[in-house]
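In what follows, a structure is listed as structure tokens, so that the remarks can point back to it.
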Amino acid sequence: MWKTSDGFAQTGLVMVDEKRLPTWQLNRNDGCNRIVLGGDWIADIGSIPDFPQSSVDGIPPGQSLQFDTVDIGRWDTGLLEFLWDAKRAAITASLVLDVGALPGAASKMLALLPGSSFEPRPAARLRFRPLNWLGGQTVDLLAELGTVTSLLVTILTGCAFALLGRARMRKVDLVANIRDAGPSALIIVSVVNFLIGAILAFVGAVQLRKFAADVYVANLVGLALVREMSAVMTAIVMAGRTGGAYAARIATMQGNEEIDALTVIGIPVADYIVLPAILALVVTMPFLYLYGCLVGMMGGFVVAFAMLTVTGAGYLHQTLDAVPFSQFVFGFVKSIAFALLIGGTSCHIGLKAGRSAADVGVAATRAVVVGIVGVIAMDAIFAVIAQVVGI
Amino acid sequence: MSSADPRQAGRGEAALLSVRDLTLAFGSKVIQRDLSFDVQRGSIFAVMGGSGCGKSTVLQSMIGLLRPRAGSILVEGDDYWSGTDAHRAATGRRFGVLFQSAALWSGLTVGENVALPMQMFTALKAAAIRRSVKLKLGLVELDEAIDLAPSELSGGMRKRAGLARALALEPDILFFDEPSAGLDPITSRRLDDLILNLRDGLGATIVLVSHELPSLFAIADDGVFLDAQTKTAIAHGAPAALRDNCANTQVRAFMGRERLDDDSKATAA
């Protein structure tokens, strides 16, 4: 605006290469109080002086405060910063501010600025009140439990309707979601499970070789994969990949008022967004689990074949012997439960998210963290149940 | 520079911003072609036209977001789009832009929104920046909102905060995209007054895209009227002058909020 550094001078202002420091002085003669300003008042220099309230101490209220700007060079909002200080000081001391001598533009801008100063209140100090905290946490927990339960009921009834072929969701959405959750995830599921199978075989091979029990590597890899690892690893991959995406997508829709638009039109959010997302996971995850088992066993076989004296037929036979069908059912059911957990929590977190860009990031992070921790915790519960039931 | 171009010589040498034969397109879809106009220093220049005529696209091109397909945009005779990205960014720092939805960064407080450009492009110390931020927020009557998050502001406050951010680097040229869109008449009127005061007080040149007639008549003193059919400017001049004596009936009808003749017949039939 009033800069000259880039070779651009506002008309009416003198071009000077060297910047003079801004100066001011308050002259008080017989009821005439005059602030004499000099130098360049450019905000970029960063040396705009303050006008302390104390400098108008002792001036009787009602007297006027004038300016002398004859010596002033270039100015921009830097001058306004000082003038605003003076204006507030004058108002606090009940003086009459006479802006007549100021440049017209400056007095216009000064008129826009409020007369009273706003100092943000220092944040109230947080005192730790255990009972308040406990109560607040309990209420939050109960409220959360309520919303989760109602969402769960909606999802389960939705699933039931879907099984009966009477779901209110659109088939295209379901198909699109299944494509995102299933085939697109094959590569990462393959890589992870193959490596897990290979690692299990490697660890087992080193130990089992000591007892000449080489062929039992197949038992170890097969059981570990089918019972635990494949289901858990696939679920963790899906929590990071699909759960995070669901939360981010729904949180973004929240920010764009898309969710509001659905609600107003009367399309239940649960039917339109949540149900296809969760159903897609419920449909794909068990199959990804089975696929993961197969790929993992192949990984195990590759390591066993390379390190130990194992034949292909022997490995296959040993695996089939070691892993009964019930273990597959157990893993299959677990995968469905993980899918419900990941889909439900990530959609819930997305729906609960705030409306800003930062909130989308928070929602995605939280969905992934809750998904992964939830899957592992749920797996522990399944382990206990299996122990009790005797699978 | 200016004497080399006969048209520019005719339309005043002091033009701060000149658009010359500008053609804008997305892919094969031409938005505007052969568009020329000058923005005089210290004026409030309005880019007008009906919905979908490409007003905002022209603005995007002027602020460096959309490269023109042909033609040039001259800032004090300096071709804005011909230089390197760094050159364009340096010129861009002389611009202040108020986006249609204010586009405040939601992760920062209102004060931090205004402070960020200063932190990045000036050597000022934190205290000086804080003081400057307060002043700029004070100018738009938002100094009390300095520590609030953008999400806690109303629509009008957000616009004003966006304006304070646009003022952060003491720009020569302020661009406003639909400044009064979504504001009630009183808030919109206050924003108009603020824009006038900023022009007079800071000596800034203002380019605004708008179709809010009351606000256009109140503040703009020059402008260009874009047309969606012919895809170029069909009238130049101040909004009030266009309303009263523009040769083009379509422009006159738009500015006077009248129905075009053939339209009214169609409705009657």
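The values are calculated or read from the model by the stated rules, or taken from the named source; none is laboratory data. Keep in mind that this is a model prediction, so the values were computed, not measured. FYI the Cβ positions are ideal-geometry reconstructions off the backbone, even for glycines, and counts take in every protein chain you see.
For every residue, the table says whether it meets (1) within 26 Å of B:P239 (Cβ to Cβ); (2) without any contact (Cβ under 8 Å) to a residue 60 or more places away in the chain.
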{"site": "B:L22", "(1), (2)": "yes, yes"}
{"site": "B:I44", "(1), (2)": "yes, no"}
{"site": "B:W81", "(1), (2)": "no, yes"}
{"site": "B:G92", "(1), (2)": "no, yes"}
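Residues of the range B:194-221 that are within 14 Å of chain A (Cβ to nearest Cβ) and within 21 Å of B:G237 (Cβ to Cβ): B:I195, B:L196, B:R199, B:T205, B:I206.
Counting only helices (runs of 4 or more DSSP H) wholly contained in the range A:240-359, the ones carrying 2 or more residues that are more than 14 Å from chain B (Cβ to nearest Cβ), out of contact with any strand residue (DSSP E or B) (no Cβ under 7 Å at 6 or more places or on another chain) and more than 30 Å from A:R168 (Cα to Cα) occupy A:275-307, A:312-322, A:325-352. Looking across the range A:233-275, the residues that are within 30 Å of A:A383 (Cα to Cα) and surrounded by fewer than 24 Cβ atoms within 10 Å (Cβ to Cβ) come down to A:M233, A:I236, A:V237, A:G240, A:R241, A:G244, A:A245. Scoring A:P61 on the criteria (1) more than 14 Å from chain B (Cβ to nearest Cβ); (2) in contact with a strand residue (DSSP E or B) (Cβ under 8 Å, 6 or more places away or on another chain); (3) of a type outside the set (S, T, Y) leaves a single failure, condition (2).
Would you call B:D147 in contact (Cβ under 8 Å) with a residue 24 or more places away in the chain, among the charged types (D, E, K, R) and surrounded by fewer than 20 Cβ atoms within 10 Å (Cβ to Cβ)? It would help to see each step written out before you state the result.
Working: in contact (Cβ under 8 Å) with a residue 24 or more places away in the chain: yes; among the charged types (D, E, K, R): yes; surrounded by fewer than 20 Cβ atoms within 10 Å (Cβ to Cβ): yes.
Here the answer is yes, as B:D147 does meet what is asked.
Can you tell me how many residues within the range B:80-124 are closer than 29 Å to B:E152 by Cα and not aliphatic (A, V, I, L, M)?
Narrowing the range B:80-124 to residues closer than 29 Å to B:E152 by Cα: B:93, B:95-122, B:124.
Okay, now just the ones that are also not aliphatic (A, V, I, L, M), so B:93, B:95-96, B:99-101, B:105-107, B:109, B:111-113, B:117, B:119, B:121-122.
Residues flagged as closer than 29 Å to B:E152 by Cα and not aliphatic (A, V, I, L, M) within the range B:80-124 amount to 17.
Return yes when B:L35 is farther than 23 Å from B:G155 by Cα and without any contact (Cβ under 8 Å) to a residue 24 or more places away in the chain and no when it is not. For B:L35, the condition - farther than 23 Å from B:G155 by Cα and without any contact (Cβ under 8 Å) to a residue 24 or more places away in the chain - is not met.
You will find that of A:L164, A:L186, A:L174, A:L152, the residue that is of a type outside the set (K, R), over 14 Å from A:V303 (Cβ atoms) and surrounded by fewer than 12 Cβ atoms within 10 Å (Cβ to Cβ) is A:L164 and no other. So which residues in the range A:158-201 are over 23 Å from A:G240 (Cβ atoms), in a helix (DSSP H, G or I) and of a type in the set (D, E, K, R)? Scanning the range A:158-201 gives a single hit, A:K171.
Somewhere in the range A:148-160, is a residue closer than 30 Å to A:H348 by Cβ, modelled with pLDDT of 90 or more, more than 14 Å from chain B (Cβ to nearest Cβ) and under 27 Å from the mean Cα position of the chain (by Cα)? Scanning the range A:148-160 turns up no residue that is closer than 30 Å to A:H348 by Cβ, modelled with pLDDT of 90 or more, more than 14 Å from chain B (Cβ to nearest Cβ) and under 27 Å from the mean Cα position of the chain (by Cα).
Determine whether the range A:119-136 contains at least one residue that is surrounded by 10 or more Cβ atoms within 10 Å (Cβ to Cβ) and facing chain B (nearest Cβ under 10 Å). Can you show your working first?
Residues of the range A:119-136 that are surrounded by 10 or more Cβ atoms within 10 Å (Cβ to Cβ), as a first pass: A:120, A:129, A:132-136.
Now restrict to residues that are facing chain B (nearest Cβ under 10 Å): A:120.
Within the range A:119-136, one or more residues are surrounded by 10 or more Cβ atoms within 10 Å (Cβ to Cβ) and facing chain B (nearest Cβ under 10 Å).
Scanning for something touching a helix residue (DSSP H, G or I) at 6+ places or on another chain (Cβ under 8 Å) and among the hydroxyl-bearing types (S, T, Y), does the range B:111-124 turn up at least one residue? Yes, there is a match, as at least one residue in the range B:111-124 is touching a helix residue (DSSP H, G or I) at 6+ places or on another chain (Cβ under 8 Å) and among the hydroxyl-bearing types (S, T, Y). Listed conditions (1) within 8 Å of another protein chain (Cβ to nearest Cβ); (2) modelled with pLDDT under 90; (3) within 30 Å of B:A218 (Cβ to Cβ) are all met by B:L191, apart from (1). For the range B:182-209, residues that are part of a loop (DSSP other than H, G, I, E, B) and either buried (at least 23 other Cβ atoms within 10 Å of the Cβ) or of a type in the set (A, V, I, L, M, F, W, C) (or both) total 2. In the condition set (1) within 14 Å of another protein chain (Cβ to nearest Cβ); (2) within 20 Å of B:S36 (Cα to Cα); (3) without any contact (Cβ under 8 Å) to a residue 12 or more places away in the chain, B:A241 is compliant with all but (1).
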